[in-house]
Each structure stands twice: as structure tokens, then as C-alpha cells.
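Engineer: There's a structure below that I have some questions on.
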Amino acid sequence: MMTVVGLLLATTSLVYSPLCGAESTSKPVPVYFSLIISGGENGYRSSGGIPSIDMALDAVARTGILPGYNLTYKHIRNSKCTRTDSLDVFFKDTQLGAVPKIAVVGCGCSTATEPVAEISHYWNITHISFASALSSLSDRSRFRYYFRTTPSFANYAPAILGVLNNFNWKQLAFITQNQNLFLQILSDFEELKQNLVDGKTEVCCFDNHDIEMDSSIFEDNGDPVAAAIKIFDQGRFHLFVLNCYSKHARKIVCEALKRNFVYPHYGWIMFGWYPDKWWTEEVAGEHIDECSDEELETFMKRSRSLIIDFLPEPDDYYQTADAGISTDQFIKNYTQNLRDSEYIISTVYIIAFDTIWSLALMLNKTEEMRMSNVSKENSQLMNCSHLDGELVPLNEFNYSNAFMGCVMKENFHKVNFTGVSGPVRYDENGTIVYTRIRLSQYREEN
């Protein structure tokens, strides 16, 4: 059995307020959001967050954050981690005749999230994701109503440079999948390296100016092994960055195993959000003739594999979150619920819970403002007062209500609470405020 041991490398508020005057009926009125996930078909799976979402919805109902309402989803849509499928299912959920959605939660991987996040504001709905880290998603001029509970990949390239500096390593090669998410990391590192050489970098403490690097890029439907061979055959690199989804990384590692690229002569840098046991056939969803699961596991535990992880986690797993549950108890409940479901665990399952809690708090604030008869002229609404529409009951919202859509966006920026993933609040670009990066390794348990 393997485990991960880690080292820490770096490191007006909206809270829950019950609506005393809200309309209440014996049967809460449903308020729907659009739920879009990535099911694993093209290398990334966020569907393991669905049990967490269901747990969060139960907690919202139990604590009475939205009295008179039942926050829920009507369908689980699969973006398949592609732009086309993501847009297709979004249009299905928001088409004429469909029940209006109060928000979008999704759409799984960054490739699927990017096109929907760029247009969702035209429906006047906020969009929040728990599995999309593409750094350009922080561009507010493009993604106007978009929020995320996962940090941006903007810190990933500096983290790699920090690893090189810490161990005094002077060379590495990127094996990169041709998607914006991974191309951006490669570009960020190349720019950072050049700025370091030119003395322009603002990243402190780096003195390794003589870094040799190379890269090989493969298409989504291309051959990751062929891209790796271009690097391996050079014979001058011993540190490799797996800059791709895990199902492709598995094939690359298999090729390295065949070449006996083992510790202490070779090392790997990989993402912390790869799924548990990502090298197995069950998780990858495909068979490799050349390498068994056991051989790949042995290879991983005997290699110098450095995992860079930046997903939020609490300082105290036993502290009770605002949802009334500790992180430790949440993980136990999630593990049990996962066993009873059809899903495979996703590394983002903890922040999936806080994503729904964020949404509920935002809607609570919006409904509270409506119940208080806050006028358009109120200073809290100055950014929205010029827009058409008005605050209406959540179940009466429609896509032409630009004013209410804007208010919901503004209220998202005020969200601030203690979640099961730790403190949750969003910066001016809609990204969760979290700056710690963890470095860990695979180790064999005794």
C-alpha cells in the first residue's frame, strides 16, 4: 500500500443569517442550478464530487439557510471534458422551455468550463466551479460572472522553480498535453525562467540562473508516449514534468518503466489533483499491455516523484465548519456515501461541498435583500442599479433579469465562511483566496 507524505512549501463579509421574514410553506419551492461535471472520458473526472454536492444540499436544507426554498439540481450533465459537449449540455439546461436555473455549477475540467464561463453572464446567472484551475479564468473582462473554489494554476510554475532551487537541480523537461491548461503552465515557466535570467523576476529566493529545459507537446487525441520518447531519447534529461491529464501520464510512466528510468537517477514532478491510484486500469479506464498495475505502483514508490498540490485544506480537521460538521467527520461520511454510489473519488470532493455552501450563502443574502426591500438606489447596489429588472423570489428569477443577476454576482464577492476545506472567500477576480502549496511524495507504508 502507498501513502503520500507531504511538506508545506509556502503558504463586507457574508455569513449565514436566517431569513426571519421569508415566505415559508409546508413544502419548500425548488430552486434549480445547472450541474455539469466531467465524467472521465477525456482524462479528467470531477463526478466524484457529486456525493459531496448532495451532502451540501442536505446541510443547506437541514440548517435552514434558504427557508421556503429547496436548492437542488434537475439533471447531472456530462461535459466529457470537451468544449463542444460542455456548451451543448449548457444550452440544453438553459434552452427555452426548460426550468430557469439560478446558477451554473461546473463544468468539470478547465477545457469544458472556459467556454461556458465566457458566456454565462449573458443569461445573467453566476457560474461557480470546483475543478477548474486554468489561470486565465481569473480574467474578469472575459469571465464576468465566474467564481471558483479551486486556486488558479498561476502559482504552479513558480512552485516548480522553487523545487528546482530547493534541490539545486538545473534541468527538466515538460511533457505537455495540447490544452490551454497545460500550455499556460509551460508558457508561465518559460517566461519565469527568462525573467530570472534577465533579472526581472519578482519571485524571491531563486538563485539558479542556469536552468536547462525542453518540452514536447502532444495533441488531445495524439500519442503521449511518442512525445515522451522525443525527450527520453535525448538522454540529457533526468527530471520530467507530467504536464497532462493522468490517463496520459500513466502511459508515459509505463514507457519510462520499460526504460528502467528509476530512482535515484530519474525524477518526476506531477499534479496533486491526480486521482488516487491514477496508474491503475480501473481509474484510467483503459488497459496497457506493457505494464501491469502492480509494476506501475512499484515504479511510483521507487521513483523520486514530487507531487505539487495547491488544493485548499483546513489547518484543523476536527474544527466544526459553518455547515455544522468537521472536516474529519465529513470525510468519513463522504467515504461511506461514495461506497453506496456509482462514482469514483475525485480529489476535489472536499471543495465541492464548499462550492454549494458558497452558492447557498450568496442566495441567502440576495433573498435577504429582497425581503428587506432594498432599493436600487442603495449604496450596496450601485454597480447594478442601471440594469433592468428587480429582486424577485428566487424561484421567479428569469434570464432577462439583469439587475438580479448582477446583485447575485456582487453578493458572491461578499461570501466569507469557514468551510470543510478551510476559510472560504473570493478575490476580485472570483478565485478563492488560498496561497499555500504543498510538496509531497509517494512512499510505501511499512
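The values are calculated or read from the model by the stated rules, or taken from the named source; none is laboratory data. Nothing here was measured: the structure is a model prediction, and the numbers come from that model. A quick note on method: Cβ atoms are made from the backbone with ideal geometry, for glycine too, and the neighbour counts reach across all protein chains shown. To get the accessible areas, we keep the full protein, side chains included, count just its heavy atoms, and leave off ligands, DNA and RNA. Shrake-Rupley method; radii C 1.70, N 1.55, O 1.52, S 1.80 Å.
Engineer: Please report, in debye to the nearest 20, how large the charge dipole of segment 265-380 is about its Cα centre when each Lys and Arg carries +1 at its beta carbon and each Asp and Glu carries -1 there.
Structural biologist: 540
Engineer: Projected onto the charge dipole of the chain (+1 at Lys/Arg Cβ, -1 at Asp/Glu Cβ, origin at the Cα centre), which of L87, G419, L361 gives the Cα projection farthest towards the positive end?
Structural biologist: L361
Engineer: Which listed residue (L196, T347, N395) has the Cα farthest towards the positive end of the charge dipole for the chain, taking +1 on Lys and Arg C-beta and -1 on Asp and Glu C-beta about the Cα centre?
Structural biologist: The one lying farthest along the dipole's positive direction is N395.
Engineer: Using a Förster distance of 41 angstrom, determine the FRET efficiency expected from the C-beta separation of H75 and Q319, and round it to 0.05.
Structural biologist: Result of the calculation: an efficiency of 0.75.
Engineer: If you don't mind, another one. Put +1 on the Cβ of every Lys and Arg and -1 on every Asp and Glu Cβ in the chain; which of Q177, I308, I229 then has its Cα farthest towards the positive end of the dipole?
Structural biologist: Result: I308.
Engineer: Something else now. Using DSSP to define loop residues, name the chymotrypsin sites (Phe, Trp or Tyr not before Pro) in segment 296-328 whose beta-carbon has at most 10 other beta-carbon atoms within 10 Å.
Structural biologist: Qualifying residues, ordered by number: Y318.
Engineer: For I288, what is the net charge nearby, where nearby means another residue's Cβ is under 12 Å from its Cβ and Lys, Arg count +1, Asp, Glu -1?
Structural biologist: Charge balance in the 12 Å sphere: -3.
Engineer: Okay, moving on. For K414 and L183 in the same chain, what is the full-extension length gain: residue separation times 0.36 nm, less their Cα-Cα distance, in nm?
Structural biologist: Details: separation 231, 0.36 × 231 = 83.16 nm, distance 3.26 nm.
Result: 79.9 nm gained on full extension.
Engineer: Can you pull out the GluC sites (Glu not before Pro) in segment 326-428 that DSSP calls coil and that have at most 16 other Cβ atoms within 10 Å? Could you put the intermediate results ahead of the total?
Structural biologist: On the way: sites: E342, E367, E368, E377, E390, E396, E410, E428; in loops: E342, E377, E390, E428.
Those satisfying the criteria are E342, E377, E390, E428.
Engineer: On average, how much accessible surface per residue is there in the chain, in Å², for a 1.4 Å probe, leaving out ligands, DNA and RNA?
Structural biologist: So the chain comes to 43 Å² accessible per residue, rounded to a whole number.
Engineer: So if I place +1 on the C-beta of Lys and Arg and -1 on the C-beta of Asp and Glu, and nothing else carries charge, what would the dipole magnitude of segment 311-373 be about its Cα centre? I want it in debye, nearest 20.
Structural biologist: Here segment 311-373 has a charge dipole of around 200 debye.
Engineer: Which distance in nm do the two modelled labels at N166 and V262 give, with both placed 7 Å along the Cα-to-Cβ direction?
Structural biologist: Computed distance between label sites N166 and V262 equals 2.6 nm.
Engineer: Students often get this wrong, so check it: of K332/K414; K170/K230; K92/K414, which have C-alpha atoms separated by over 28 Å? Please report the intermediate quantities before stating the final value.
Structural biologist: On the way: K332/K414 30 Å; K170/K230 20 Å; K92/K414 31 Å.
Listed pairs above 28 Å: K332/K414; K92/K414.
Engineer: Further question: If you average the alpha carbon positions of segment 238-299 and of segment 375-445, how far apart do those two centres end up, in angstrom?
Structural biologist: 38
Engineer: Within the accessible area of the chain, what % is carbon and sulfur when the probe is 1.4 Å and the other protein chains stay in place?
Structural biologist: On the chain, the fraction of accessible area on carbon and sulfur atoms equals 46 percent.
Engineer: Further, regarding this structure: Just one of (1) 70, 51, 42; (2) 98, 61, 35; (3) 170, 44, 43 is Cα extents along the principal axes in Å calculated from these coordinates, so which is it?
Structural biologist: Structure-derived value, by its label: (1).
Engineer: Could you give each residue of segment 150-159 its phi-based ³J(HN,Hα) in whole Hz, using Karplus coefficients 6.51, -1.76, 1.60 with θ = phi - 60°, and x for Gly or Pro?
Structural biologist: The phi angles translate into 10, x, 6, 6, 4, 8, 6, 4, x, 5 Hz.
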